[in-house]
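Single-structure report; data block below.
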Amino acid sequence: MAQAAIELIGINKSFGAVRANRDINLEVTRGTIHGIVGENGAGKSTLMSILYGFYQADSGEIRVGGKPASIKTSNDAIALGIGMVHQHFMLVDNFSVLENIILGAESNALLKSSITKARSELDRLEREYGLEVDPDALIEELPVGLQQRVEILKALYRGAEILILDEPTGVLTPAEADHLFRILKQLKEQGKTVVLITHKLREIMAITDTVSVMRQGTMVATRETSKTTVEELAELMVGRRVLLRVEKGEAEAGAVKLSVRNLTVKDQRGVTMVDDVSLDVRAGEIVGIAGVAGNGQSELLEAISGIRRAVSGTVMLDGKPIDVTGVADPGELRDRGLAHVPEDRHHVGLVLAFEEHENSILGYHDKQRFLKGPFLNVDAIMADAKDKIAKYDIRPGNPRLKTANFSGGNQQKIVLAREIEQDPGVLIVGQPTRGVDVGAIEFIHKRLIAMRDQGKAVLVVSVELDEIRSLCDRILVMFAGRIVGERGPDATEGELGLLMAGVEQQEAAQ
Amino acid sequence: MSTPYAKLPAWADYGLIPLINLSVAFIVAGLVVVLVGENPFRAAVILVEGAFGKGTGIAFTLFYATTFIFTGLSVAVAAHCSLFNIGTEGQAYIGGLGIALVCLSFDATLPWWLIFPMAIVAAAAFGALWGLIPAYLQAKRGSHIVITTIMFNFIAASVMVYLLVGPLKPAGSQAPQTRNFLSGAELPKLNWVIELFGAKIRSAPLNVCFLLALVMAFLVWLLIWRTRLGYEMRTYGHSPKAARYAGISETRIIITAMMISGALAGMMALNPVMGDQHNVAIDFVSGAGYVGIAVALMGRLHPVGIVLAAILFGMLYQGGAELAFEMPAISRDMIVIIQGLVILFAGALEHMFRPYIQALFASVSPKTVGMEAVKGKGA
Ligand SMILES: Nc1ncnc2c1ncn2[C@@H]1O[C@H](COP(=O)(O)OP(=O)(O)OP(=O)(O)O)[C@@H](O)[C@H]1O
Ligand SMILES: [Mg+2]
């Protein structure tokens, strides 16, 4: 007889005037995978944070395994066998993988014996679930994809019976996501319960048993996955029909706007991350770079945008060189019409402690229209922020709200609005729709295509094959720091997948 | 969003928590007083009366507060750029050197209102210079600013000892200090303002530097929250990566912030040197730079908080002196212990009671622990 692992009854939670959760009822059956979908800001993370003891509900009841539970801190949740992998990782950047995993779960006052024990335990978990990570690597040196594995290992290490994953695949490629899903299925077979929040309806269809839909703080529907469709879910979420694939005309590529030649970039440890890469982006086209996270895409974007020094190579913007090996400065590049939406919105693209309007000028804070002499022109900044909020439907629409208090998808919109609205000649975008809901994806894709049609050059890096294929006019595949192939938008997923795995390259080498 | 950004209402954040911290500090201090066999309540009364009871007491309290406002602002400006400037002490000391040079050169020829602006510039410039070197080393060489500023405090002390027993000491004098300035380098007192309210003042060193300190507090507020430079400093302070992305030069912002911080520290010297002693003597800063760290932390790095915290510490200094005088069992060192306790609870342990208070608020009324109300419907 199926038993409820978790029951949430009549949960309410407000943040000031924002009612993040109202009267939520949710029952998750033990040994199943339960999906939760909903627009950005619908209250999914809040609900799970209540379950995990981060927030206290204003009212309502939580039952775990049939018994009423009082979860005041995440330690209470862990003690009840609830583990959580957060939407935004909670790792200590300058700790090693191993140190992060035992942090807070040290079994012994003597760290050394904890570490030895943890190392063998970690080794077992890694092998059992195929979650390889170097236990001694520093978190800050790991690409996001691997950082997430660490988060999962952390929960498993603490003996989680119920695993909550908040948008776990936002940073993964389909292959990596498949891998994750195999792990989740394995967990399910062992009787564990999984709650999965995701914006990717395809994943919901592929892996969940049941799916619940949230909208504006309420639970609007719960369906058996086998009895629903992607279209129905999208409509339930947004309240209207959604274009899952934005239509676009043929690209009319013009002159080369951005030209990269023989670019080589090394990381802090001296490992070559970008290896002799050459590419062109023309006016009026969207070029996509596909690849498994950690294959040099991030470093490539950082080098072009002047954040990271390249070792060698040249980059030309509108025919004039960018000093990528010397003193290229992101501020100067902005002036020359190159805008950059960084992959890591939390540490690079935004200052989370700032109010929304302060972030809406980040990087453009030296522009005359936002200044009055040495002073910030607060009125102009606020007006501009309100404008973007309206145009991009950023919610809640309060430019004075601290950025950390916006939901993940809305934070992404803040960055996109800022960069796109500068009307740059060249836009480079890392993971344009990471963590963004279906309605907003439609909107962002439309904006990017509109930019293309105005004759702008757009370079997109995404680990989302669907996104790359529906958005881009040309697809470059990156593997181990090199561009290993170019395909048109009609390339099949299988074909790209093979390239991304480096298969063709290895064959060629033999 | 999943980080627990539980927030308290402003009155609790800025009023209740400092009050609780302070009360605990005074309770512990009271226990110390009981240990030495005195009545803690009488001690408290003497302390407060000593600081605010008579006109003279108020003037002294505000005089000390003036010093702490400068050093508190100095620490806060650097802290907004995530630089922990421990060097306020040394920067103030060297600031005193700048003042000495101006005053010794012009006190015979110019009136105070011409010397004062020159001395302000000199004090700020010397202090800024003393902040510049550690800043440069941090920005260019990665030498940690905490270490270098501490080292620079020692270097400043040595330099000043050398100058005050050597070149700056008048021939034939036994005291390690400059000659006394002539009246041209003496700043006007502000005691008459307090006398306007009917209080009587014997002689107290409160002077125009108090007004300068308040002006600087306002300018620091403008700088941090209203200027492009302050925006850049805060960006770097919260996230160096975001600053890099925004095209903010790390070298430039570190050096600028430290120079402003050093300048404020240097200006602190105006108060004791030109306002009170009318000479530069060995160790005239006497720890005010370190008190500035506590003042800045307690004031939550906000100028208004810093002014209030500085007045509190001024009260401890003045009332403490009174207490040591009135209660023989309580020595000067005991006063230092009490001050230390306030620093400990209000500064270092600032966050000790916060989680409990947050939990309390959450259980009494969960809705208060959120953000301020926003317009528009919840999404
Ligand atoms: N600590 C907080 N303070 C104020 N408002 C908050 C806080 N946390 C969340 N909110 C607000 O509550 C609402 C729900 O946010 P939540 O993060 O749960 O959304 P979500 O469904 O997870 O969205 P996304 O898909 O974008 O991650 C949003 O409007 C958000 O701005
Ligand atoms: Mg979320």
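The values are calculated or read from the model by the stated rules, or taken from the named source; none is laboratory data. Given the structure is predicted, the values throughout are model-derived calculations rather than measurements. Every residue, glycine among them, receives a Cβ derived from its backbone with ideal geometry; neighbour counts consider all protein chains shown. Please note that ligands, DNA and RNA were not included when accessible areas were found on the heavy atoms of the full protein model with its side chains. Shrake-Rupley method; radii C 1.70, N 1.55, O 1.52, S 1.80 Å.
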- Once the dipole of the protein assembly as shown is set up with Lys and Arg at +1 and Asp and Glu at -1 on Cβ about the Cα centre, which of B:Pro40, B:Phe70, B:Ile27 lies farthest towards its positive end? B:Pro40
- If you take the beta carbon distance between A:Arg400 and A:Gln422 as r and set R0 to 30 Å, what does 1/(1 + (r/R0)^6) give as a FRET efficiency, to the nearest 0.05? 0.85
- Task: Enter the mean number of other protein chain beta carbons within 10 Å of the beta carbon of each residue in A:361-370, as an integer.
- Result: 4
- Work out the length of the dipole vector of segment B:70-290 about its Cα centre, built from +1 on the beta-carbon of each Lys and Arg and -1 on the beta-carbon of each Asp and Glu, and round it to the nearest 20 debye. 520 debye
- Item | Delta accessible area of at least 30 Å² on complex formation, residues of segment A:295-340, 1.4 Å probe, chain isolated as reference | A:Ile307, A:Pro330, A:Arg334
- With a 1.4 Å probe and every protein chain kept in, tell me what percent of the accessible surface of segment A:4-238 is carbon plus sulfur. 49 percent
- Mind giving me the nanometre distance, one decimal, between the label points for B:Val165 and B:Arg300, set 7 Å out from Cα along Cα→Cβ? 4.7 nm
- Item | Rounded Å value of the spacing that divides the Cα centres of segment B:152-207 and segment B:238-271 | 30 Å
- Task: Compute the separation of the alpha-carbon centres of segment A:361-426 and segment A:1-76 and state it in Å as a whole number.
- Result: 33 Å
- Query: Rounded to the nearest 10 Å², what accessible area does A:Leu8 show when all protein chains are kept and the probe is 1.4 Å?
  - Reply: 10 Å²
- Task: With a point put 7 Å past each Cα toward its Cβ, work out how far A:Phe375 is from A:Arg119 in nm, to one decimal.
- Result: 6.1 nm
- For A:Gly430, enumerate residues with amide H under 5 Å from its amide H, sequence gap 5+ or separate chain, H modeled in the peptide plane. A:Val341, A:Glu343, A:Val461
- Rounded to whole Å and sorted largest first, list the principal axis extents of the Cα atoms in segment B:70-290. 56, 45, 28
- With every protein chain left in place, what is the accessible area per residue of segment A:256-509 in square angstrom, probe 1.4 Å? 33 Å²
- Message: Under the √(5λ) rule applied to the eigenvalues of the Cα gyration tensor, what semi-axes describe the equivalent ellipsoid of chain A? Give them in Å, descending.
- Response: 37, 28, 23
- Task: Round to the nearest 0.05 the FRET efficiency obtained for A:Asp387 and B:Ile147 when R0 = 30 Å and r is the Cβ-Cβ distance.
- Result: 0.05
- Computed over segment A:256-509, the Cα gyration tensor eigenvalues, each multiplied by 5 and square-rooted, give semi-axes in Å (largest first) of 31, 21, 16
- Query: What are the semi-axes of the equivalent ellipsoid for segment A:355-461, taken as the square roots of 5 times the Cα gyration tensor eigenvalues, largest first, in whole Å?
  - Reply: 23, 18, 11
- Query: What length, rounded to one decimal in nm, is gained on full extension from A:Glu332 through to A:Gln268, with 0.36 nm per residue of separation minus their alpha-carbon distance?
  - Reply: 20.6 nm
- Rotationally averaged projected area of segment A:11-69 (alpha carbon convex hull; nm²): 4.3 nm²
- With label points set 7 Å from each Cα along the Cα-to-Cβ direction at B:Trp221 and B:Ser249, the distance between them in nm comes to 3.2 nm
- Message: Counting heavy atoms of the protein chains only and a 1.4 Å probe, report the per residue accessible area for chain B as a whole number of Å².
- Response: 43 Å²
- Query: Averaged over A:398-405, how many beta carbons belonging to a partner chain fall within 10 Å of each residue's beta carbon?
  - Reply: 4
- Rounded, prolate or oblate: pick one for segment A:437-510, where a ≥ b ≥ c are the square roots of the eigenvalues of its C-alpha gyration tensor, a/c under 1.5 means rounded, and failing that, prolate if a/b is larger than b/c, else oblate. prolate
- Note on the structure: With a Förster distance of 56 angstrom and the Cβ-Cβ distance between A:Gln454 and B:Phe197, calculated FRET efficiency to the nearest 0.05 equals 0.25
- Note on the structure: Largest-first ranking of B:Trp225, B:Trp11 by accessible area, probe 1.4 Å, whole protein assembly kept, is B:Trp11, B:Trp225
- Debye intensity ratio in log₁₀ form over the Cα atoms of chain B, taken at each q of 0.10, 0.13 Å⁻¹: -0.70, -1.13
- Note down the magnitude of the dipole of segment A:4-238 about its Cα centre, charges +1 on Lys and Arg C-beta and -1 on Asp and Glu C-beta and zero elsewhere, to the nearest 20 debye. 620 debye
- Ignoring any ligand, DNA or RNA, what whole percent of the accessible area of segment B:70-290 comes from carbon and sulfur when the probe is 1.4 angstrom? 68 percent
- Item | Translational D in µm²/s for the protein assembly as shown (Stokes-Einstein at 37 °C, 0.692 mPa s, Kirkwood Rh from C-alpha pairs) | 108 µm²/s
- Query: Where nothing but the Cβ of Lys and Arg (+1) and of Asp and Glu (-1) is charged, how large is the charge dipole of the protein assembly as shown around its Cα centre, in debye to the nearest 20?
  - Reply: 1700 debye
- Work from the charge dipole of the protein assembly as shown (Cβ charges, +1 for Lys and Arg, -1 for Asp and Glu, about the Cα centre) and give the residue of A:Met273, A:Ile183, B:Phe361 farthest towards its positive end. B:Phe361
- Query: What list of ³J(HN,Hα) couplings, whole Hz, do you get for segment A:47-53 from phi and the Karplus terms 6.51, -1.76, 1.60, once you set θ to phi - 60° and write x for glycine and proline?
  - Reply: 4, 5, 5, 5, 5, 8, x
- Item | Interface burial for A against B (accessible surface, 1.4 Å probe, total of both chains, Å², rounded to 100) | 4100 Å²
- For segment A:4-238, evaluate the Debye formula with one uniform point scatterer on each Cα (no solvent term) and list log10 I(q)/I(0) at q = 0.12, 0.16 Å⁻¹, rounded to two decimals. -0.66, -1.16
- Would you tell me the accessible area of B:Tyr64, worked out with a 1.4 angstrom probe on the heavy atoms of the protein chains, in Å² to the nearest 10? 60 Å²
- Note on the structure: So A:Arg63 and A:Asp490, fully extended at 0.36 nm per residue minus their Cα-Cα distance, gain in nm 148.8 nm
- For segment B:218-227, just list the computed ³J(HN,Hα) in residue order, Karplus coefficients 6.51, -1.76 and 1.60, θ = phi - 60°, integers in Hz, with x standing in for Gly and Pro. 5, 5, 5, 4, 4, 4, 5, 9, 10, 10
- Lysine pair count for segment A:256-509 [Cα-Cα under 12 Å; pairs on different chains or 8 or more apart]: 4
- Please average, across the residues of B:243-255, the number of beta carbons from any other chain that are within 10 Å of each residue's own beta carbon, and give a whole number. 5
- Rounded to 5, the percent of DSSP beta bridges in the protein assembly as shown classed as antiparallel: 55 percent
- Longest exposed-loop-site-free stretch of chain B, with trypsin sites (Lys or Arg not before Pro), DSSP loop and at most 13 other Cβ within 10 Å? B:1-199
